[in-house]
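Inspection log for the structure reproduced underneath, given as structure tokens.
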Amino acid sequence: QVQLVESGGGLVQAGGSLRLSCAASGRTFSSGAKGWFRQAPGKLREFVAGISGLLYTTSYADSVKGRFTISRDNAKNTVYLQMNSLKPEDTAVYYCAARSNSNLGITGNDFNSWGQGTQVTVSS
């Protein structure tokens, strides 16, 4: 069982930046794919970014391309989400996800371990 703990969320003005971190512990599957998802009030959870486990291939939702960057440090069992040029529509709870398979995942069903989430609020 993998435990994932997100951190780095908070309140920021539009145009600002935040860096989310997700630390994994337990049976960490360090080479497994990782992902970030988000869920805004009244909306379905949506894919934000993903990174594969071996080649570090990345994928992004169209809404965050060019603004967000996902990265990972396998030695630290940590995945990051650098968020720049934040917009009010980025406001959501952000969740980290992991799986043992190293192939890139882009849907919620691709992942079997989830963190508790961290709130990101962008004010206009």
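The values are calculated or read from the model by the stated rules, or taken from the named source; none is laboratory data. Keep in mind it's a predicted model, so treat the numbers as computed, not measured. Just the protein is used for accessible areas: all its heavy atoms, side chains included, with ligands, DNA and RNA removed. Shrake-Rupley method; radii C 1.70, N 1.55, O 1.52, S 1.80 Å.
Things to note:
- The apolar share of the surface of the chain, taken as the fraction of accessible area on carbon and sulfur atoms (1.4 Å probe, ligands and nucleic acids excluded), comes to 47 percent.
- Hull-based mean projected area of the chain, where the convex hull spans the alpha carbons, in square nanometres: 6.7
- Gaussian network model of the chain, Cα within-10 Å springs - most flexible of Ala97, Ala75, Ala33: Ala75
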